[in-house]
1. Could you please let me know if Arg143 is of a type outside the set (A, V, I, L, M), open to solvent by 10 Å² or more (accessible area, probe 1.4 Å), more than 21 Å from Arg40 (Cβ to Cβ) and at pLDDT 95 or above?
2. Between residues in region 110-127 that are touching a residue at least 40 places away in the same chain (Cβ under 8 Å) and of a type in the set (A, V, I, L, M) and residues that are open to solvent by 60 Å² or more (accessible area, probe 1.4 Å) and part of a loop (DSSP other than H, G, I, E, B), which pairs lie under 7 Å by C-beta distance while being six or more apart or on different chains?
3. In the list Ala182, Ala174, which residue meets the criterion of being among the small types (Gly, Ala, Ser), within 23 Å of Thr291 (Cα to Cα) and open to solvent by less than 40 Å² (accessible area, probe 1.4 Å)?
4. Is there any pair with a first residue in region 74-91 that is under 18 Å from Ser42 (Cβ atoms) and a second that is polar (S, T, N, Q) whose Cβ atoms are under 7 Å apart and which are 6 or more apart or on different chains, and what are they?
5. When both residues are 6+ apart or on different chains and their Cβ atoms are under 6 Å apart, which pairs have a first residue that lies in region 257-279 and is open to solvent by 30 Å² or more (accessible area, probe 1.4 Å), and a second that is hydrophobic (A, V, I, L, M, F, W, C)?
6. Just to be sure, is Gln142 under 20 Å from Leu234 (Cα atoms), polar (S, T, N, Q) and out of contact with any Leu (no Cβ under 6 Å at 6 or more places or on another chain)?
7. Kindly establish whether Gly16 is at pLDDT below 95 and in contact with a Leu (Cβ under 7 Å, 6 or more places away or on another chain).
8. Which residue, of Arg282, Arg236, is more than 22 Å from Gln142 (Cα to Cα), touching a residue at least 24 places away in the same chain (Cβ under 8 Å) and either open to solvent by 20 Å² or more (accessible area, probe 1.4 Å) or of a type in the set (Lys, Arg) (or both)?
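The values are calculated or read from the model by the stated rules, or taken from the named source; none is laboratory data. All of these numbers come straight from a predicted model, not from anything done at the bench. A quick note on method: Cβ atoms are made from the backbone with ideal geometry, for glycine too, and the neighbour counts reach across all protein chains shown. Quick note on the areas: whole protein, heavy atoms, side chains included, nothing else; ligands and nucleic acids left out. Shrake-Rupley method; radii C 1.70, N 1.55, O 1.52, S 1.80 Å.
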Amino acid sequence: MTSTFPALLIRDEVLGSHRVSLTDMEPSELMGGEVEVAVRYSSLNYKDALGITGSGRVLRRSPLVGGIDAAGEVLSAAEDSGLKAGDPVLVTGCGLGEIHHGGFAGRIRVPADWVVPVPKGLDLRQSMILGTAGFTAALALQRLRANDQDPGMGPILVTGASGGVGSLAVSLLAAQGYEVVALSGKTRRHEWLKSLGAVKVMDRRGLSQGWRPLETARWAGAVDTVGGEILGWLTRTVDEWGNIVTIGLAGGAELRTTVMPFILRGVSLLGVSSSNYPTERRAAVWAHLATDWAIPHLDDIVTEEIGLEGLESASKRMLAGDVHGRILVDLQR
């Protein structure tokens, strides 16, 4: 490798066209850590798009290399890390692309406990089609199972189903035997969602929510990537002893509901936070994604492959709702 490497640098205090720049960085500019990785792939997540465009407070220091996901080969590692040069590894969350230079660069240097060896059954490319989105979908399944959400209870509604987390959740839950209903406002993607395993796709734009404390129960459970009014509606329409896993807030951070679903139907509202998931338990979740929780439609879910130069444009399209599935970032382009 050459001594310099490409990186997408974000200056949080700058607005407009000068906020983001493609630059060549030196290894000396990397942040502290016991493991240095040659990054081959990353992915574009909603949080990344917020940081690149300045539409949300994601970066906690500036300037910073963006990208909350990275996968590549170890260049060097501390002896006590258990890693050696050439090992395929991945990093998701843990402050990457928020407080620490992230995956939108040819190299990263990070603490050893952030690093997960890519499990057998996945390669670097597949691990970044999954990335934070796939890890989050797996945590949603984990939460449902831990709270006794059995496939025999009835349909699971996945909201924001055409997005990265949503589409991966549709495919994962269907593969695990759940009857998945997808909710999406993108009518052109309805057949695509059915190909991923949804038994039915509902149009969000024609949704009649109702505002009574309890509406007719329609779902045995739900995975919500939207938040806001949709999440409030779910609390009123999930059946007895069903679970709602809440993941995103693109539809708003406020929750309008009452205690009635929880004390009369026994509904549970379960949170998922992937970025700060305990590091010592991350490898076990990734092992599931490589084996018994393998997602069968990865090649259909990745709908775009771009280089670093395409990130700014793709981020704007993502926030405008003009993308679906997963966007893979190839650092080798």
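1. Yes: the conditions hold for Arg143.
2. Between residues of region 110-127 that are touching a residue at least 40 places away in the same chain (Cβ under 8 Å) and of a type in the set (A, V, I, L, M) and residues that are open to solvent by 60 Å² or more (accessible area, probe 1.4 Å) and part of a loop (DSSP other than H, G, I, E, B), the close pairs are Ala112/Glu34.
3. Ala174
4. Leu90/Ser127
5. Met260/Leu214; Leu269/Ile244
6. When the stated conditions are applied, Gln142 passes them.
7. Here the answer is no, as Gly16 does not meet what is asked.
8. Criteria check complete, one pass: Arg236.
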